[in-house]
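Before any comments, here is the structure.
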Amino acid sequence: MRFIILAALLLSGCGVATPHPVVEHTVVEKVPVAVTCYKAADLPVEPAKVAKDLTGDAMHDLDLISASALRLRRWGQSEAALLAGCTVK
């Protein structure tokens, strides 16, 4: 008899519905944001080509080509910096 009462008491706790804990989670969504991009007229002008100035003299041509390469690199870096704000990451 004691076993039946003890079993009834132990099993009576199973019938009570316990509320489930509230689970909170955060959802992150990437939303495109409009940014101001530059017009073609705002971009720096490409440096002039130097092919017409080459003479065939290696010392003379090397100075022209190296200066042109530096101007071209600086131009490309400035364009990349301007356009970086317009690209999607």
Screening Val33, Val45 for residues that are modelled with pLDDT under 85, open to solvent by 90 Å² or more (accessible area, probe 1.4 Å) and hydrophobic (A, V, I, L, M, F, W, C) leaves only Val33
Of everything in the stretch 3-30, what is modelled with pLDDT of 75 or more, outside any loop (DSSP other than H, G, I, E, B) and open to solvent by 100 Å² or more (accessible area, probe 1.4 Å)? Give them in sequence order. Phe3, Ile4
Looking only at the stretch 43-89, how many residues end up being under 24 Å from the mean Cα position of the chain (by Cα) and acidic (Asp, Glu)? 1
Being β-branched (Val, Ile, Thr) and under 30 Å from Val33 (Cβ atoms) is the filter; apply it to the stretch 51-89 and report the residue that is surrounded by the fewest Cβ atoms within 10 Å (Cβ to Cβ). Val88
Within the stretch 37-89, how many residues are of a type in the set (D, E, K, R) and either in contact with a Lys or Arg (Cβ under 6 Å, 6 or more places away or on another chain) or outside any helix (DSSP H, G or I) (or both)? 5
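The values are calculated or read from the model by the stated rules, or taken from the named source; none is laboratory data. Quick caveat, the model's predicted, so the values are computed rather than measured. All Cβ positions, glycine included, derive from the backbone under ideal geometry; neighbour counts span all protein chains shown. These area figures cover heavy atoms from the full protein model, side chains too; ligands, DNA and RNA do not enter into them. Shrake-Rupley method; radii C 1.70, N 1.55, O 1.52, S 1.80 Å.
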